[in-house]
Amino acid sequence: MTQETRKFEAEVAQVLHLVTHSLYSHKEIFLRELISNASDACDKLRFEGLEQPELLVDDPDLRIQVSWDPEARTVSVRDNGVGMSREEVVANIGTIASSGTRRYLEAMSGEKKADARLIGQFGVGFYSAFVVADRVTVLTRRAGSAENEGVRWESDGKGEYTLDQADVPTRGTTVILHLKADEDEFLQPWTLRSTITRYSDHVAFPIRFPKDVDGKPDPSEWETINSASALWARPKSEISDEEYQSFYKALGHDFNDALAWTHNRVEGSQSFTTLLYVPAQPPFDLMMGGRDERKGLKLYIKRVFIMDAAEELLPNYLRFVRGVVDADDLPLNVSREILQQKRQLERIRGACVKRVLDLLEKLSRDDAEKFTTFLNAFGNTLKEGIVEDTANRERIAKLLRFASTKGEGAGKTVSFDDYIGRMHVGQDVIWYVTADSYAAAAGSPQLEALKAKGVEVLLMFDRVDEWMLGYLNEYAGKRLQNVSKGEFPLDEADKAKQSAATEAAEPLLGRIKTLLDGRVGDVLVSARLTDSPSCLALADYEMAPHLARMLREAGQDVPEARPTLEINPEHALVKRLGAETDDAKAADLAGLLLEQAEITAGAQLNDPAAFVQRMNRVLLG
Ligand code: ADP
Ligand code: MG
């Protein structure tokens, strides 16, 4: 086929524009990304070679070569991996925007530009070549195809690229970067070499670098400059923390150290190795809810990379984990479909979950600071496990931390165990309140009576809490109870007081109900209140008002419920209403009792204008 020029899809062009204009720091990551692609290509060929050994016979030693040319001002990264056909070039680095392209663009709009260097996490790492190059040439030949079936791809990263048939003498891919005028530092062999050892030491294939003769490469003498071994396959005792961290950074395309890791070998009827990391910060993908293609956990079988298998090996709520699983006993020709049915896989998956939960428990015990970092980054993700992983529900719940009426401020959190340790004699439930912010939770009128008695209430105000609590009915044998829901348990003394108060308020309750004219299901004397005049009470099955509002705002159909209004007969406002003889004025007061209860519950006022008018009439007397 002849030469053709094609346009990048708009989104790819945008990524290129972003990349060329915003990656000021850590320009050297292009090298890590290209080497990572070269290593992936070698992995893919080794995998294909399992079924088609003939692809590898003439040149079985997979390797990566990095070189430079001071005269041509180029840097090149070459691999003898799987290579690409013309169609593959177009699909993988050409016209078509991947889902990663879109996510990258979304993440990079706004204030996150400084972190454009996380490009590799989005699966668009190839384009980082344009950080330092104003022209990139790719020469590639698919393993198994003929010399004259090679492809030459070239682009200046400005919106178009050319595609050409080319003679490529050996299989694999060479990426040639024509450096921008001010990027001469990458023509320094020392810079290249130290960047490679810094970022790519743990690439499992040898990275070869030519001998440097007065700044020029000697193509007859190559040296391997990385450790080129599978880190996870070495004994723990021989691996330093630095090595673990640098492996993590290459694996996770991350710049920060991992927060913690767990490295284990299981021997027995089924043998496998797991090396699992917890990052210190959420990758962008996670923050953006990128659930579609989960990467981050690589499955190897006897050191041969098989596939990204995060979804098969980890439940969704542990999607922040990065790492490697290397199994000895799975058949090498395993496919994704087969994998999903494998009983062995269940065991490995179970082991991964156990290891991660063990690790998190250890952190929570031994390193409060790191554990807080973890919770800030992934605490809400972990909560999904309460719903998703029933078998480990109690273990997960043990790790969670919540604000509480006994803590100071949103930042000071407690565990369920802390809570239970402080429970009053005779208290048999764990009290909590849900709201959409710390202030709204801490200020809920429903928890006044408990507060007055010194009973602790957990304050739940994360988006996932309400959903999670729908599945978490008890912890360590103690029931979880929403302060706004159901009948409020009272001791005998309180009960007597309450029924006396109810009896005394009977006519008032009836009057308020009439004045509110169908807006409430019932009006009761509250046992929950001490300071506020009114609050809403919910039936056990009813949805919290703030949640109903959020769902409506998100465009969902939520049926209107007629709430139960609870009043505090001791409150001056309620007394005033009781004494009010003018029905219009009494109706205003009753309306305000209901509306302030709705506001503190985070509900949306049905008629805000009517509320304001009512309030103004009352204020002006
Ligand atoms: P990712 O590596 O996360 O898929 P990249 O932008 O780095 O994203 O690369 C895009 C795709 O281009 C790769 O998935 C691969 O299909 C193809 N590719 C890039 N470099 C090579 C290479 N050296 N050999 C073969 N294919 C490659
Ligand atoms: Mg890549």
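The values are calculated or read from the model by the stated rules, or taken from the named source; none is laboratory data. Just so we're clear, the structure is a prediction, and the values are computed from it rather than from any experiment. So basically every Cβ, Gly included, is an ideal-geometry build from the backbone, and we count neighbours across all protein chains shown. To get the accessible areas, we keep the full protein, side chains included, count just its heavy atoms, and leave off ligands, DNA and RNA. Shrake-Rupley method; radii C 1.70, N 1.55, O 1.52, S 1.80 Å.
Quick grid of which residues meet (1) open to solvent by less than 20 Å² (accessible area, probe 1.4 Å); (2) away from ligand 1 (no atom under 14 Å from the Cβ); (3) assigned to a helix (DSSP H, G or I):
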residue: Gln14; (1), (2), (3): no, yes, yes
residue: Ser25; (1), (2), (3): no, yes, no
residue: Glu33; (1), (2), (3): yes, no, yes
residue: Ser36; (1), (2), (3): no, no, yes
residue: Glu48; (1), (2), (3): no, no, yes
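Of the residues making up the range 308-330, those that are touching a Lys or Arg at 6+ places or on another chain (Cβ under 8 Å) and under 18 Å from Ala250 (Cβ atoms) are Asp308, Ala310, Gly323, Val324, Val325, Asp326. Of the helices (runs of 4 or more DSSP H) lying entirely inside the range 381-497, those carrying at least 3 residues that are within 25 Å of Ala548 (Cβ to Cβ) and not assigned by TED's automatic domain parsing to the domain that holds Arg549 are 438-442, 448-452, 463-469.
Within the range 189-218, the only residue that satisfies the criterion of being in contact with a Lys or Arg (Cβ under 7 Å, 6 or more places away or on another chain), aromatic (Phe, Trp, Tyr) and open to solvent by 20 Å² or more (accessible area, probe 1.4 Å) is Tyr199.
Considering the conditions (1) open to solvent by 60 Å² or more (accessible area, probe 1.4 Å); (2) in contact (Cβ under 8 Å) with a residue 60 or more places away in the chain, Val57 is excluded by exactly one of them, (2).
Condition check ((1) open to solvent by 40 Å² or more (accessible area, probe 1.4 Å); (2) closer than 25 Å to Tyr541 by Cα; (3) hydrophobic (A, V, I, L, M, F, W, C)) across all residues:
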| site | (1), (2), (3) |
| --- | --- |
| Arg422 | yes, no, no |
| Val425 | yes, no, yes |
| Ala435 | no, yes, yes |
| Ala442 | no, yes, yes |
| Met460 | no, yes, yes |
| Ala476 | yes, yes, yes |
| Val483 | no, yes, yes |
| Glu487 | yes, yes, no |
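Let's see how each residue does on (1) under 35 Å from the mean Cα position of the chain (by Cα); (2) near ligand 1 (Cβ under 10 Å from one of its atoms); (3) under 21 Å from Gln165 (Cα atoms):
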site: Ile64; (1), (2), (3): yes, yes, no
site: Thr74; (1), (2), (3): no, no, no
site: Val77; (1), (2), (3): yes, yes, yes
site: Leu105; (1), (2), (3): yes, no, no
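Of the residues making up the range 568-577, at least one is buried (at least 19 other Cβ atoms within 10 Å of the Cβ) and of a type in the set (S, T, N, Q). Checking each residue in the range 462-494 for being among the aromatic types (Phe, Trp, Tyr) and under 23 Å from Ile396 (Cβ atoms) picks out Trp467, Tyr471, Tyr475. Taking the range 193-218 as the range and being within 14 Å of Ile64 (Cα to Cα) and not β-branched (Val, Ile, Thr) as the test, the residues that pass are Arg193, Ser200, Asp201, His202, Ala204, Phe205, Pro206, Arg208, Phe209, Pro210.
When each of Gln556, Gln596 is tested for being among the polar types (S, T, N, Q) and at pLDDT below 95, the lone residue that passes is Gln556. When the range 530-553 is examined, which residues are found to be at pLDDT 85 or above and not hydrophobic (A, V, I, L, M, F, W, C)? Thr530, Asp531, Ser532, Pro533, Ser534, Glu542, Pro545, His546, Arg549, Arg552, Glu553, listed by residue number. Considered as a group, the residues in the range 162-188 that are among the acidic types (Asp, Glu) and open to solvent by less than 60 Å² (accessible area, probe 1.4 Å) include one that is nearest to Phe30 (Cα to Cα), and that residue is Glu183.
Of everything in the range 27-51, what is in contact (Cβ under 8 Å) with a residue 24 or more places away in the chain and more than 16 Å from ligand 2 (Cβ to nearest atom)? Give them in sequence order. Passing the criteria: Lys27, Arg46, Phe47, Glu48, Leu50, Glu51. For the range 67-101, the set of residues classified as surrounded by 17 or more Cβ atoms within 10 Å (Cβ to Cβ) and more than 19 Å from Thr173 (Cβ to Cβ) consists of Arg73, Ala97, Gly100, Thr101, listed by residue number.
Does the range 581-594 contain at least one residue that is open to solvent by 70 Å² or more (accessible area, probe 1.4 Å) and more than 21 Å from Gly518 (Cβ to Cβ)? Within the range 581-594, one or more residues are open to solvent by 70 Å² or more (accessible area, probe 1.4 Å) and more than 21 Å from Gly518 (Cβ to Cβ).
Taking the range 52-62 as the range and being within 16 Å of ligand 1 (Cβ to nearest atom) and among the aliphatic types (A, V, I, L, M) as the test, the residues that pass are Leu55, Leu56, Leu62. Among the residues of the range 118-161, those identified as under 19 Å from His21 (Cα atoms), more than 13 Å from ligand 1 (Cβ to nearest atom) and surrounded by fewer than 22 Cβ atoms within 10 Å (Cβ to Cβ) are Asp134, Arg135, Asp156, Lys158, Gly159, Glu160.
Residues that are more than 16 Å from ligand 2 (Cβ to nearest atom) and part of a strand (DSSP E or B) within the range 175-215 comprise Ile176, His178, Leu179, Arg208, Phe209, Pro210, Lys211, Asp212, Val213, listed in sequence order. Could we say that Arg291 is at pLDDT 85 or above and open to solvent by 60 Å² or more (accessible area, probe 1.4 Å) here? Judged against the criteria, Arg291 is not a match. Considering only residues that are outside any helix (DSSP H, G or I) and away from ligand 2 (no atom under 16 Å from the Cβ), which ones fall in the range 52-64? Selection gives Gln52, Leu56, Val57, Asp58, Asp59, Pro60, Asp61, Leu62, Arg63.
Can you say whether Asp201 is under 22 Å from Asn80 (Cα atoms), at pLDDT 95 or above, assigned by TED's automatic domain parsing to the domain that holds Gly144 and charged (D, E, K, R), as far as the supplied structure shows? Criteria not met by Asp201. So which residues in the range 307-337 are open to solvent by 10 Å² or more (accessible area, probe 1.4 Å) and touching a Leu at 6+ places or on another chain (Cβ under 9 Å), if there are any at all? Answer for the range 307-337, where residues must be open to solvent by 10 Å² or more (accessible area, probe 1.4 Å) and touching a Leu at 6+ places or on another chain (Cβ under 9 Å): Met307, Asp308, Glu311, Glu312, Arg319, Arg322, Leu332, Asn333.
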